[in-house]
Amino acid sequence: MRNFWPLLIAGSVGAMGLQAVADERYDLLVGSYTAGQSEGIYRLSFDAATGHIDAKPLQVIKSENPSWLTISRDQRYLFAVNENGPGQADPVGRVSSFAIDPKTHALSLINQVQSLGNEPTHSSLSADADHLFVSNYSVVEDPGGTLAVVPVGADGQLKPVVQMSSHASSRVNPERQMSAHVHSTVSSPDGKFVFSNDLGADKVFVYRFDPKANPELPLTAATPPFVQLPPGSGPRHLLFSADGKHAWLTMEMSAQIAVFDYHDGKLEQTQMVDLAAGQPASDKAAAALHASADGKFLYISNRGTANQLLVFAIAAASGQLKELQRRSVEGDHPREFSLDPSGKFLLIANQKSNQIVVVERDAQSGLLGKTVQKLPIDAPSDLKFLVRQ
């Protein structure tokens, strides 16, 4: 693995500039797939003054297919899904918990539990941080995808799964929708509801979350119990606006994004945007979405043969979208991306071209500019920042 990283050329920094440099450096955690050269999770140093990632890792954490990373709000713990399944080095889906050193950000394993499903692809913490919602995608039809609820101790220790939920598939697409494929699960802004996006069912399933009423079965079906999406659309990731009044949902198979008004567990669709209108099916593979910190812009990745980042302006009152820009990711399969804490750069994890691409971002216009770095790293799948306290 050592030979896979380009050489790092270090420059000297004067004493007067040390504090300024420290204030603009952030730790970047990179999740990955490990079928090739990657060893697991990488902790790298990112310089927000230049937009460059140091090539030499600060730490390498060996872990099987840690494809999605979830950081607790207090930055004390990291939870990684181990997207394992039949035919892989480890055929068992798992979730791992790590302690994050508050001073150095060094990671140390706390424990690991089974996700009780194949290919767990996403996780999120409940608002009270006492439960982790794990989405078992499950590539194969049998047993299909499931949602698993994992209790989390105050010390970051994961406990065995206490609840499993499964869904009926739409069976619209005979290749990809013959069974459930839970792709992600997130909480409502107030923490009272949980939304599970099932690519195989063409639905977003809605649950009430009340662990005090029933610790063993904290999720119960809400009314209505799901949001119906277009047949064959394949819902993937849901994101709520900062004010909690709106939400956006990527639909992977149709390369669309649905815009919703949100209130008390109910999503009401107000807009449908085509990311690849008039383009061939090979262009349709919508994936990640993230909003800027000021809530003015939404960024969405579309994979397939398109391999683009799309930039939208967000209407403050309605949450509806207006396209501003389409930009090449300069690579293949942008599975995830992240805006850096300064808001000046956007980092793209191009999974199939084995690289992280860093591009400039204009905070005022929201537009993406020139490429400042292409860092080789094998099969990157998620990017999360740590901010020093």
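The values are calculated or read from the model by the stated rules, or taken from the named source; none is laboratory data. Only a predicted model underlies this, so the values are computations on that prediction, with no experimental measurement involved. Backbone-built Cβ (ideal geometry, glycine too); neighbour counts: all protein chains shown. Ligands, DNA and RNA are excluded from the accessible area calculation, which covers all protein heavy atoms including side chains. Shrake-Rupley method; radii C 1.70, N 1.55, O 1.52, S 1.80 Å.
To keep it simple, each residue is scored yes or no on (1) in a strand (DSSP E or B); (2) touching a strand residue (DSSP E or B) at 6+ places or on another chain (Cβ under 6 Å); (3) surrounded by fewer than 22 Cβ atoms within 10 Å (Cβ to Cβ).
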{"site": "Ser138", "(1), (2), (3)": "no, no, no"}
{"site": "Pro143", "(1), (2), (3)": "no, no, yes"}
{"site": "Arg176", "(1), (2), (3)": "no, no, yes"}
{"site": "His183", "(1), (2), (3)": "yes, yes, no"}
{"site": "Asp190", "(1), (2), (3)": "no, no, yes"}
{"site": "Ser196", "(1), (2), (3)": "yes, yes, no"}
{"site": "Ala201", "(1), (2), (3)": "no, no, no"}
{"site": "Phe205", "(1), (2), (3)": "yes, yes, no"}
Residue identified as in contact with a Gly (Cβ under 7 Å, 6 or more places away or on another chain), farther than 25 Å from Leu229 by Cα and crowded, with 21+ Cβ neighbours inside 10 Å among Ser115, Ser169: Ser115
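Here is a check on your reading of the model: is His183 within 23 Å of Val329 (Cβ to Cβ), in contact with a Phe, Trp or Tyr (Cβ under 7 Å, 6 or more places away or on another chain) and at pLDDT 95 or above?
yes
Tell me yes or no: at least one residue of the range 265-287 is open to solvent by 30 Å² or more (accessible area, probe 1.4 Å), touching an Asp or Glu at 6+ places or on another chain (Cβ under 7 Å) and in a strand (DSSP E or B).
Here is the first cut: in the range 265-287, the ones open to solvent by 30 Å² or more (accessible area, probe 1.4 Å) are 266, 268-272, 274, 277-282, 284.
When the remaining residues are screened for being touching an Asp or Glu at 6+ places or on another chain (Cβ under 7 Å), the result is 268, 270.
The next check asks that each one be in a strand (DSSP E or B); those that pass are 268, 270.
Yes, the range 265-287 has at least one match.
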Scan of the range 321-340 for residues that are assigned to a loop (DSSP other than H, G, I, E, B) and crowded, with 17+ Cβ neighbours inside 10 Å, ordered by number: Val329, Gly331, His333, Asp340
Positions within the range 341-357 being buried (at least 20 other Cβ atoms within 10 Å of the Cβ) and either touching a Leu at 6+ places or on another chain (Cβ under 8 Å) or within 22 Å of Leu107 (Cα to Cα) (or both), in sequence order: Phe345, Leu346, Leu347, Ile348, Ala349, Gln355, Ile356, Val357
Matching entry among Leu69, Leu58, Leu109 (being hydrophobic (A, V, I, L, M, F, W, C) and over 19 Å from Gln157 (Cβ atoms)): Leu58
